[in-house]
1. Can you tell me the order of C:718-731, A:1-14, C:62-75 when each peptide is scored by its average per-residue count of other Cβ atoms within 10 angstrom, highest first?
2. Counting only other residues whose beta carbon sits under 9 Å from that of C:Gln140, what net charge do I get with K and R as +1, D and E as -1?
3. Using θ = phi - 60° and the Karplus curve 6.51 cos²θ - 1.76 cosθ + 1.60, what whole-Hz ³J(HN,Hα) does each residue of the range C:482-488 get, with Gly and Pro shown as x?
4. Quick one: Karplus J couplings for the range A:214-228, per residue in order, coefficients 6.51, -1.76, 1.60, θ = phi - 60°, nearest Hz, x for Gly and Pro?
5. Based on the mean of other beta carbon atoms within 10 Å per residue, what is the order of C:755-764, B:236-245, most packed first?
6. Mind running the shape call on chain C? Use the C-alpha gyration tensor, a ≥ b ≥ c as the square roots of the eigenvalues: rounded below 1.5 for a/c, prolate if a/b tops b/c, oblate otherwise.
7. I'd like the FRET efficiency for C:Asp113 and C:Glu639, computed as 1/(1 + (r/R0)^6) with the beta carbon distance as r and R0 of 22 Å, rounded to 0.05.
8. Taking 30 Å as R0, compute the FRET efficiency from the Cβ-Cβ separation of B:Glu105 and A:Trp69 and round it to 0.05.
Amino acid sequence: MRPSASIILFTTAAGAGYGMLFWLGLLRPLGLVPGGTAFGLIALGIALFLVTLGLLSSTAHLGRPERAWRAFSQWRSSWLSREGVAAIATYPLAGLFGLAVLLGWEGMAAVAGLLAAAGAAATVYCTGMIYASLRPVRQWRHPLVVPGYLLLSAFSGATLLAMTAAYWGRAAAPALLAALGAAAAILLKRAYWRDIDTAPPVATVESATGLGAIGPTRPLDPPHTETNYLLREMGFRIARKHAAKLRRIALGAGFAAPLALAVLALLAGGTLLPVVLLSAAATLAILGLLVERWLMFAEATHTVTLYYTGR
Amino acid sequence: MTCLPDIVPGQKKLGLVIDLDTCVGCQACATNCKEWNASGHSGPLPDLHPYSAGAEGVWFNRVHSFEAGEGERGRTVHFPRSCLHCETPACVTVCPTGASYKRAEDGIVLVDHDLCIGCQLCAWACPYGARELDEDEGVMKKCTLCIDRIYNETIPEAQRQPACVLTCPTRARHFGDLGDPESEVSRLVRERGGYALMPELGYAPVNRYLPPRRPADAGAAPREDTPTPMDVTNPLLRWVDRVLSR
Amino acid sequence: MPEAPTPSRPMPAAAPGADPRVDYSPPVGDTVKTTTCYMCACRCGIRVHLKDGRIRYIEGNPDHPVNRGVLCGKGSAGIMTHYAPARLRAPLLRVGERGSGEFREISWDEALDIATGWLRNVRETDPRRLAFFTGRDQSQSLTGFWAAQFGTPNFAAHGGFCSVNMAAAGQYTIGGAFWEFGEPDWDHARYFLMFGVAEDHDSNPIKLGLARLKERGAKFVSVNPVRTGYSAIADEWVGIRPGTDGLFAMALIHELLRNDRVDLDFLARYTNAPWLVVRNPRGPDDGLFARGGDGRPLAWDRARGVVDASLADLSPVLVGEVALPDGRKAKPVFHLMAERYLGADYAPEAVAERCGIPAERIRRIAAEIAEVAFDRPVVLEQPWTDVWGRRHERMVGRPVAFHAMRGISAHSNGFHTCRALHLLQMLLGAVDTPGSWRYKSPFPRPIPPGPPPAGKGAKPNTPLAGNLLAFPQGPDDLLVDEAGNPLRIDKAFSWEAPLALHGMMHTVIGNAGAGDPYPIEVLFMFMANMAWNSAMNPGEVIRILTEKREDGEYRIPRVIYSDAFFSETVPYADLILPDTTYLERWDCISLLDRPIGSAHGAGDSIRQPVLPPDRDVRPFQDVLIELGARLGLPAFVKEDGSPRFRDYPDYIVNHQRAPGVGPLAGWRGADGTKKGVGEPNPDQLRRYIENGCFWRDHLPPEQAYFKHANRDYLAGAKAMGLVPNENQIVLQIWSEPLQKFRLAAQGHGPRQPPMHLRARVARYCDPLPFWYAPLEHAGQDTEHFALSAITQRPMPMYHSWGSMNAWLRQIMAANRLYMARARGEALGIKDDDWVWVESRAGRLKCQVKLMEGVNPDTVWTWNAIGKRAGAWGLSPDSPEAVRGFLLNHVISEWLPAQAASAPGHRLANADPVTGQAAWYDLRVRVTRAAPEEAGATEPRLPPLREPPGAPPRPEILRYDASARRGRGGRRSRETIGD
Ligand SMILES: Nc1nc2c(c(=O)[nH]1)N[C@H]1C(S)=C(S)[C@@H](COP(=O)(O)OP(=O)(O)OC[C@H]3O[C@@H](n4cnc5c(=O)[nH]c(N)nc54)[C@H](O)[C@@H]3O)O[C@H]1N2
Ligand SMILES: Nc1nc2c(c(=O)[nH]1)N[C@H]1C(S)=C(S)[C@@H](COP(=O)(O)OP(=O)(O)OC[C@H]3O[C@@H](n4cnc5c(=O)[nH]c(N)nc54)[C@H](O)[C@@H]3O)O[C@H]1N2
Ligand code: SF4
Ligand code: SF4
Ligand code: SF4
Ligand code: SF4
Ligand code: SF4
Ligand SMILES: [Mo]
């Protein structure tokens, strides 16, 4: 599948934003992050900024962005529609949460924060389900895809929250979550990659054409000698060697390094060092996620290519 | 809207049956489809860089060719590919806007371009590559099963067929109601072992493909009772006494 | 027997309930007109729907006998041909050097003045100095007539490079031919053998026919080095080595004879098998038929001895030697034939390796054919009467049908190979019988047909009487001077190609360039892309067209060309006469030309303009008629010198070739009640239009088969002017005209070939089919050039002229060299690799695709996909020019260096009997290109400059004939069609 910049940006940014919102809403009532108005508003602002950036960027993927509002109508069947509904529904909750924080209505803030966290989780779950429900793409229709989206969102959100909290010198909880998230992400992604590398294809050129009874089947001529939309969109393939390198980068720079940095930040004292360490961790996590998301597309294969390349 | 209609027994399922045993890959169905639909229900079907490098356009029907089997015993198979009007197509259910829909009355899967936002999710969801993005208009298009022909009262009744079916010079394309076991197309499918593509994906395509027939069995064995001419002095002699008349 | 109707398909169900999103019944257009497609030469009937003056939809005419409602991939894309930006827009006069593409747009008056001036000058001095050659047109009855009126013998169309081998072999053997002159009995055949056909002219009829065969469960065997297209759906594919079909056919003949599985009754009745051939080695009459005092052939009757061969009660002796009344010895044709093919040379074992088909398989196929022919005959309860006046209660046929085309004919041994196939048909009794191959009207014709070719004695200002392309019966009919040198510029009908029935267009420019046999002044071409795909070697043609004499004048001083599009040839002409598209003009598909008749009866058709031209272009036929009038060609002016015809439609209706015989056969006579022969009918075109632009005669069922010996059929054909008399058309196993040429080469008779051609004529003018290796293989190292290289017609493209079509070019914008997977792997070549293809004539670079379904000693590619950069309204970086290639760059128009016996003498790379261009004899060597050489095909000729006034290339095309045109599009609209 063709890695499309707008979608990569969308899932990364919105994922991180929702992750941050999720942890903010969850940890604040528990007192595991700074409780003041400033922190609450700033953290919420960052989260909503990322979410909005992501959502806006996703509309760049649309052929008719001005009609984007229509996407909310089919929540009964479409995960994309549900994602939209969840995303939009999360805004007022987050807004209410912000208002409560601003006005210092802590009870309300706690409730709204938890609701916003649930909205964020639901939105990310829907995002994951968009991919996980696509049967023609076996790398997406995989049991680890939805957990992966949730986990990576939680991980990047925690990192960002930790970075923000570090300015208040109270980053321990989110940093710990970030570290745990990174560790889990490493395990999950490795398991996922191992699995997609060895799993059989969902379909073969023989089943795609029904010609297997005659013998092994190979494409002879394509319908058109030049390329087309389908091939550009679904035909993108990445060389194995290249993919392996990017996986190492994602694992190393995107997950392992933030993990180490978060642990260091936990161990380090003071404010400055954790700020520096956690800022680095957040940056690396975002970059790593961009790589991971890019790979998510680049490594995904669509059954339509069976008709063109036989694979 | 993008919820699928309930499947009731005897439901009308309009679709195509494509005979791979007679398709010669002439591309007539592809170009005739393009021609009809360019000004049809989903038209236009734009072409980018039509007279330069990188020409490509929207086509609802594309004809591939494959080789199955090896060497002389194999077969070359021409393989037209268009929307299969699946019974449980995710291309419809994934659509966030209701632009994609499956009609309850005949099972045709259509896109309403006035609603489509061009998110392309349906193209990802279609295993068969049957969705075509109009990159200019920014909306998705696809085979309409020639909905503006098959019910068109301004067209003589015998011509109320999809353009690709009417034009196919080897009559390899058949159109009808696959939900009706008594229909001509259902009979063909039964008798010729018609099959669905990638059934393992669970989309339950309506369209069926008829397989290339098995090479006719070896036929007559060579006669070995006659000596080779090299072995007899004059092989012509046997005709000397043959009495012939006009 | 009526043609099968268009199968009616049941409507699935009544219209469904309302769906506000669907308009179920939009009117297709506001106007519909019938006409005849011309995206290729198949001539299908079409219905063109117009909406607001633009073409909405082109569909097959369901009532049309040729296509019965279907259209092919090209015909369905007619809209894009009609609106192609590559269309020429106005007459052009060259202002720069040839090839520079510098032209000035001129008015039609000026263009016609210039052309008339050039042509008048030639006609007044030496009309032979006009060479008028047309390519893939369908107006040969007009263009040939015009040339004869002009007085030049130098006229021909594409037949010489196309399939004259099929036409000549068929017409000299069975009085009809494969090609588009015959068709399998699709309704009754039980076994169908197809040799070397990729697409053919009968594009849609063959496809419809194959479908019928399949429906009925008949077996379909395709003999072809490549398994694509029709061969892909064959039940058995015989991947033969190119050029060896003759051997294969003769091995089948060997097997049938060996097993005595031949139809002796058919041979005795309908062929010259019983005729006696004089045996007089080295005598002047050796090999000629023994004839009675009245000149009629003799046969050996079991009871009565030597008698007239045409007697109804003949009981022929087929083998043995008999003394003629005059004492000479003679043998029946059957004897000589059987003797040859029972020889060990033609045993399956002897040919198997060469053909690449195991002997066992050849024997099995022979047995299968015999089994179907003799054990499963088709019997129709249909009485008929033979030429002897005897009534037969039923028609019994051998349901083995054959069809063959350029895989046979485009080889230099194609004439004899095709004759061998006809011999095979005759042995099986499978000529025009139920289930076999059938004649299409106007065939059968006498063998050989009609008068000899006109062309002797060309004189200034004098028409030549007769047909320029016709049928020599022996040396006297050749167009050669006293010394035996050719009279025609292309050397057709000379000792180099005695039966060059269609001329030799492929040699014209080469010969004119060399002034051999004489220089010419004006080269006038129509619809022939001679500087590209119809040149055997485009580089050579371009070189000659741009070559200058010492005095600075071009070697070929004037080139006039009519094309409708900006093809590769346009920049090499001096004066361009832009034609309309096929939807903007009248045309006539005439019985005098290559009509659309079928086995069911005669037929012809017209084209009518569907839209007016939107450019300053004129139908070429109108232009030719006007030029004829300006030049004062007798048939084109009235007594007072004023034009005889207003325009082409006027000519179609009122021209009479012979009294009562005109271009169209339908609705003749003042009241339109006559067919075939009758006075002109002023209302004729309207009658055609009312009938869907075609006319079709229907033979009654008793005339449907055995037409060569069917009394009623022959009488009817004579009445329609299709045959000169009602005599039986006796199929010719032994060909006497060939033997006459051979005798001349052996030193007999007043006209003999020049010394350097004697051995050649004697060898190749064999009265019985024989096999020899393709000529070009003899003169070169076939181990070095180990692969045969051939081309195939792609179904969705017509020669060079599909690339300007925005839809068709998307299907095929580049081509590859296809090669057997095993062979490629042995050479270290993988899919997509770039390779060099070398022949004795040059080399080219292209990209490879490996496949299973190809003979391992063969490489092939699609024909005419490669285009010259800048042509056809395409941007120079288009794939057609960058990844497309033309195999012609490595083909040579001449045979390898000739024997020392005639130094300096070039022989065309062609069949030695018919002059058919031997495209498929090509041998090549394929090697991998270096990695840095990948990326673009070679040779790459410099890009052509576009003609003045060429429209800008749109970046996007949103063709939509309806009012909501271009709805929602974000980019610039298309510019075509407005
Ligand atoms: N390598 C190889 N070469 C081959 C062959 C092969 O098999 N292999 N086949 C050969 C054979 S059989 C043939 S017949 C020739 C065909 O070769 P050509 O006779 O050259 O045929 P086309 O390429 O169709 O080109 C005909 C020209 O007619 C022009 N044209 C199209 N429509 C019209 C019209 O309406 N009016 C006018 N005035 N012009 C028009 C086109 O623009 C084009 O320039 O090619 C031969 N060349
Ligand atoms: N779509 C389309 N239709 C056309 C044309 C076109 O350009 N496009 N051109 C028209 C013209 S002008 C012509 S002449 C006809 C030609 O019609 P075809 O005769 O069908 O044309 P070719 O493509 O030359 O096909 C030759 C076939 O013979 C095979 N072949 C080559 N060598 C041998 C051999 O030695 N033995 C055997 N058995 N097979 C061999 C090739 O693989 C190929 O399949 O088509 C006409 N119809
Ligand atoms: S073929 Fe594809 S587009 Fe058509 S209904 Fe099935 S899933 Fe949808
Ligand atoms: S591209 Fe259009 S039709 Fe397809 S899913 Fe998106 S909105 Fe629906
Ligand atoms: S049914 Fe109509 S839209 Fe669909 S492929 Fe055929 S011609 Fe095209
Ligand atoms: S029109 Fe018929 S024969 Fe031609 S490609 Fe389509 S299905 Fe095959
Ligand atoms: S075969 Fe195709 S291009 Fe040729 S006349 Fe018929 S429809 Fe037109
Ligand atoms: Mo041809």
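1. The peptides rank, most packed first, as C:62-75, A:1-14, C:718-731.
2. Numbers: positive: C:Arg594; negative: C:Asp137, C:Asp593.
Counting the neighbours of C:Gln140, the net charge comes to -1.
3. Listing the rounded values in order: 4, 7, x, 7, x, 8, 9 Hz.
4. Computed from phi, the couplings for the range A:214-228 are 7, x, x, 10, 9, x, 9, 10, x, x, 10, 6, 9, 7, 8 Hz.
5. With the highest mean Cβ count within 10 Å placed first, the list reads C:755-764, B:236-245.
6. Working: a/c = 1.33, a/b = 1.28, b/c = 1.04.
Since a/c stays below 1.5, the shape of chain C is classed as rounded.
7. The computed FRET efficiency comes out at 0.35.
8. Details: r = 29 Å, r/R0 = 0.97.
It comes to 0.55.
Values in this text are rule-based calculations from the coordinates and carry no lab data. Keep in mind it's a predicted model, so treat the numbers as computed, not measured. Here the Cβ is made from the backbone with ideal geometry for all residues, glycine too, and neighbour counts use every protein chain on show.
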